[in-house]
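Structure first, then comments.
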Amino acid sequence: MVLILALAGCGDSDSPETTAPTSFVSNQRIVYTDGLHSENTEMIRLGDRILLIFRGGETGQVGSAQAHINVFESTDNGRSFAPISEVNANSLPGGRDIRDPKLVEMNGTLSLYAISRLPGAHYRDMFGEAWTIRADSTDGGHTWTLPVKTYEDVKPGGAETFWGFWRFTKRQYTDAGTRRETLFATGYNDGDTAVALFASDDGVHWEKRSTIIMSYDDVPSEAELQFFGDNHDKAVALVRLDNQDILADGQTAICTSSDPFTTWECGRRIEQRLDGPTWIVRTQAGAARSFVFARKHLPCTFKRTAIYELRGDLTDPAAPIEVCEIQDVKSSGDTAYTSLAPLTADQYLLAWYSSDVTHELPWLQGQFSPSDIWLANIDFNQAPAACTHPQPERACEPSALPASTRVFDVTGSYRLTLAPVIWPAEPVLFDAEISVHGSTLDLTLQLLDQVAQTPLGSPWVLTNLPIAADGSFTADFGTRPVPAKAYPILNDPFLTVHEFVFTGKTVSADSFCGNVSGYGQVLGTRVSDRIRLEGSTFGAIRITGTAPPTPVSSCRQLGA
């Protein structure tokens with residue numbers, strides 16, 4: 001089903017034309033849903049029209065030629081939207097994807113820029129061969145030229161560096177007495193190792209001006225860009241860093257540069273990783289205020305779309321920056337990639353995407369689940385004067401173990417199901433052999449093919465593990481390889497688990513359960529290529545016949 005939503009009577013407030021806004025965010029509502037995975041919003045105001053565009057056509061984040069950019073139009077100041085066109089990458093070779101669209105008016109032409117990669121899932125965008133592509137419209141978005149590759153960086157010897165442009169920002173300035181306008185873009189490369197600055201005088205021909213940040217361990221990607229100063233001669237970039245965990249929180253680098261923007265200083269960091277951000281700078285009461293709308297990271301890989309304010313002199317590398325959290329909007333699972341369009345001088349329309357907000361999905365599961373496009377009204381006059389700091393980062397807490405106070409003799413054969421915190425519905429399966437010998441136990445785990453449920457590799461064996469009087473025990477498996485068939489969702493033959501510890505308890509004579517900690521290492525040895533496993537659970541049910549028992553992956557499912 002496709003839903004085109006009128007503003008009046010929907011959401012959590014009345015139409016702003018009949019009721020003055022009384023909060024910073026009002027009238028949150030779904031504007032588009034079709035049962036697929038819609039994402040990556042962008043908006044622009046063109047006179048009395050607002051264009052809303054977003055990626056659609058796919059069931060998840062994995063790219064293919066099915067993806068396209070939906071173009072919607074509002075002629076009633078954002079109260080309702082209707083589809084007017086669609087842009088895909090089918091004219092490009094290789095069955096390419098299209099995502100992360102941006103709209104720019106330059107020299108009388110409306111351009112839709114997007115990132116296009118080869119089909120498939122690309123960890124850290126590796127081997128995606130990202131192209132920045134452009135389609136143009138001369139009728140306000142109703143029709144478009146076929147997308148073309150708009151930038152390539154060919155190194156000596158013919159090797160190309162692949163760049164996906166994220167944020168497009170105009171710099172208006174005076175040069176030798178002449179008023180000029182240059183379009184700048186921030187882009188990141190395959191592998192998420194560098195963010196660079198690009199410049200164009202016409203939106204068609206681009207040159208790489210500088211590298212903003214380069215660091216494998218920081219995993220830099222989406223970078224917002226603003227110009228400051230009387231002649232817009234100071235640039236600031238807010239750079240997303242996935243430097244603490246692939247799926248958890250990280251940092252944002254605050255990078256500064258001065259005209260001609262060939263060198264950058266990136267020493268300041270804030271402890272919020274701002275994914276898919278939109279940054280708007282407004283002058284209120286004579287002072288500049290920076291608001292950022294971005295993805296927020298919670299424990300156990302849950303996410304929200306949130307609104308922040310950054311306070312302090314962003315242009316001064318020595319100035320401290322205070323992060324203020326204003327509020328979350330309705331969101332869950334895979335979410336954010338926001339955009340803004342003005343309604344009046346102080347009121348804006350906000351767009352974002354989200355998984356079903358009635359369910360708390362882990363982020364990875366949300367990336368392969370249906371998602372909707374949301375709208376809300378923002379009134380910057382209602383921006384809070386006080387600063388509420390974000391909550392300190394918290395670990396994903398383990399589930400409580402059963403309250404039993406005795407040791408059950410669970411000697412025998414079991415099917416053990418491990419529910420990873422990143423996607424509990426996609427389990428890791430083991431056959432388990434356990435022997436209880438008074439105050440010790442022996443435990444053998446045999447990894448299984450997730451689909452065929454046949455053994456993979458050598459068994460993991462631990463002996464003489466102490467078992468407490470209440471039936472609790474700890475099994476430290478250290479470092480172990482995990483074949484791709486055991487967890488195909490990561491599709492990585494080099495996956496290993498480290499500091500892999502089962503903390504369990506016997507529940508009955510036929511079951512035991514508990515929690516799992518440690519981390520999965522996707523590549524190499526670096527922290528930025530890890531996934532924390534805290535919050536993962538397991539359950540084990542005795543095998544009594546030829547058919548495996550119904551999977552149980554937690555103490556809660558056992559009713560313990």
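Kindly check whether there is at least one residue in the stretch 336-351 that is open to solvent by 50 Å² or more (accessible area, probe 1.4 Å) and either within 26 Å of Pro392 (Cβ to Cβ) or among the basic types (Lys, Arg) (or both).
no
Scan the stretch 23-35 and report the pairs whose first residue is of a type in the set (Gly, Ala, Ser) and whose second residue is surrounded by fewer than 18 Cβ atoms within 10 Å (Cβ to Cβ), with Cβ atoms within less than 6 Å and a gap of 6+ or a chain change.
What qualifies is Ser23/Gln382; Gly35/Pro370.
A quick yes/no check of all residues on (1) in contact with a Gly (Cβ under 8 Å, 6 or more places away or on another chain); (2) surrounded by fewer than 17 Cβ atoms within 10 Å (Cβ to Cβ):
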site: Asp449; (1), (2): no, yes
site: Ser458; (1), (2): no, yes
site: Val461; (1), (2): no, yes
site: Pro466; (1), (2): no, yes
site: Gly471; (1), (2): no, no
site: Gly478; (1), (2): no, yes
site: His498; (1), (2): yes, yes
site: Gly514; (1), (2): yes, no
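I'd like to verify a number: residues in the stretch 65-94 that are assigned to a loop (DSSP other than H, G, I, E, B) and either within 22 Å of Pro342 (Cα to Cα) or open to solvent by 30 Å² or more (accessible area, probe 1.4 Å) (or both), how many?
Residues of the stretch 65-94 assigned to a loop (DSSP other than H, G, I, E, B): 65-67, 75-81, 89-94.
Narrowing the set further to residues that are either within 22 Å of Pro342 (Cα to Cα) or open to solvent by 30 Å² or more (accessible area, probe 1.4 Å) (or both) leaves 65-66, 75-81, 90-91, 93-94.
Qualifying residue count for the region: 13.
Does Ala345 meet the test of being out of contact with any Cys (no Cβ under 9 Å at 6 or more places or on another chain) and either part of a loop (DSSP other than H, G, I, E, B) or hydroxyl-bearing (Ser, Thr, Tyr) (or both)?
When the stated conditions are applied, Ala345 passes them.
Tally time: how many residues in the stretch 152-185 are part of a loop (DSSP other than H, G, I, E, B) and at pLDDT 95 or above?
Here the count works out to 1.
Matching residues to (1) open to solvent by 30 Å² or more (accessible area, probe 1.4 Å); (2) touching a residue at least 24 places away in the same chain (Cβ under 8 Å):
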| position | (1), (2) |
| --- | --- |
| Asp139 | yes, no |
| Leu146 | yes, yes |
| Trp163 | no, yes |
| Thr178 | yes, no |
| Asp190 | yes, yes |
| His205 | yes, no |
| Ile213 | no, yes |
| Tyr216 | yes, yes |
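List every residue pair whose Cβ atoms sit under 8 Å apart, with the two residues 6 or more apart in sequence or on different chains, where the first one lies in the stretch 433-460 and is over 18 Å from Phe502 (Cβ atoms) and the second, anywhere, is open to solvent by 60 Å² or more (accessible area, probe 1.4 Å) and assigned to a loop (DSSP other than H, G, I, E, B).
Gln453/Pro548
Among strands (runs of 3 or more DSSP E) lying entirely in the stretch 285-333, which contain 3 or more residues that are closer than 18 Å to Asp372 by Cα?
287-297, 303-311
Can you name the residue in the stretch 411-424 that is small (Gly, Ala, Ser) and out of contact with any Pro (no Cβ under 9 Å at 6 or more places or on another chain) and, of all such residues, is surrounded by the most Cβ atoms within 10 Å (Cβ to Cβ)?
Going residue by residue through the stretch 411-424, those that are small (Gly, Ala, Ser) are 412-413, 419.
Now restrict to residues that are out of contact with any Pro (no Cβ under 9 Å at 6 or more places or on another chain): 412-413.
Working: Gly412: 16, Ser413: 13.
Filtering first and then ranking leaves Gly412.
Does Leu238 qualify as being within 27 Å of Thr344 (Cβ to Cβ), touching a strand residue (DSSP E or B) at 6+ places or on another chain (Cβ under 6 Å), not in a strand (DSSP E or B) and not β-branched (Val, Ile, Thr)?
No, not satisfied.
Just need a number here: residues in the stretch 1-33 that are open to solvent by 40 Å² or more (accessible area, probe 1.4 Å), part of a loop (DSSP other than H, G, I, E, B) and at pLDDT 95 or above.
0
If I ask for residues that are at pLDDT 95 or above and touching a Leu at 6+ places or on another chain (Cβ under 8 Å), which ones from the stretch 114-127 would you list?
Result: Ser116, single match.
Looking for something open to solvent by less than 20 Å² (accessible area, probe 1.4 Å), farther than 29 Å from Ala395 by Cβ and touching a strand residue (DSSP E or B) at 6+ places or on another chain (Cβ under 6 Å) - is there at least one such residue anywhere in the stretch 355-367?
Taking every residue of the stretch 355-367 in turn, none turns out to be open to solvent by less than 20 Å² (accessible area, probe 1.4 Å), farther than 29 Å from Ala395 by Cβ and touching a strand residue (DSSP E or B) at 6+ places or on another chain (Cβ under 6 Å).
Return the total of residues in the stretch 359-385 being in contact (Cβ under 8 Å) with a residue 24 or more places away in the chain and assigned to a loop (DSSP other than H, G, I, E, B). Explain how you work it out, then say what you get.
So in the stretch 359-385, the residues in contact (Cβ under 8 Å) with a residue 24 or more places away in the chain come out as 359-384.
After this cut, where a residue has to be assigned to a loop (DSSP other than H, G, I, E, B) as well, the list is 359-362, 367-370, 383-384.
So the answer is 10.
Restricting attention to the stretch 270-326, which residues are among the small types (Gly, Ala, Ser) and either at pLDDT below 95 or surrounded by fewer than 19 Cβ atoms within 10 Å (Cβ to Cβ) (or both)?
Within the stretch 270-326, Gly276, Ala285, Gly286, Ala287, Ala288, Gly312, Ala318, Ala319 qualify.
Step by step: first the residues of the stretch 480-496, then only those that are out of contact with any strand residue (DSSP E or B) (no Cβ under 8 Å at 6 or more places or on another chain) and of a type in the set (D, E, K, R), then the one that is surrounded by the most Cβ atoms within 10 Å (Cβ to Cβ). Which residue is that?
Result: Asp492.
Taking Asp100 and the conditions (1) at pLDDT 95 or above; (2) open to solvent by 30 Å² or more (accessible area, probe 1.4 Å), which numbered condition does it fall short on, given that it satisfies the others?
Unmet for Asp100, out of (1) at pLDDT 95 or above; (2) open to solvent by 30 Å² or more (accessible area, probe 1.4 Å): (2).
I need every pair where a residue in the stretch 86-101 that is over 14 Å from Arg117 (Cβ atoms) has its Cβ under 7 Å from the Cβ of a residue that is part of a loop (DSSP other than H, G, I, E, B) and open to solvent by 50 Å² or more (accessible area, probe 1.4 Å), sequence separation at least 6 or different chains.
Ser91/Leu146
Test each condition in (1) more than 26 Å from Cys396 (Cβ to Cβ); (2) charged (D, E, K, R); (3) not in a strand (DSSP E or B) for Asp217 and report the one that comes out false.
(1)
For the stretch 118-128, check the following and say yes or no: at least one residue is assigned to a loop (DSSP other than H, G, I, E, B) and more than 30 Å from Ile531 (Cβ to Cβ).
Scanning the stretch 118-128, I find no residue that is assigned to a loop (DSSP other than H, G, I, E, B) and more than 30 Å from Ile531 (Cβ to Cβ), so the answer is no.
The values are calculated or read from the model by the stated rules, or taken from the named source; none is laboratory data. Here the structure is a predicted model, which means the values were calculated and not measured. No Cβ is skipped: glycine too gets one built from the backbone with ideal geometry, and neighbour counts run over all protein chains shown. Surface accessibility is based on the protein's heavy atoms, side chains included, excluding ligands, DNA and RNA. Shrake-Rupley method; radii C 1.70, N 1.55, O 1.52, S 1.80 Å.
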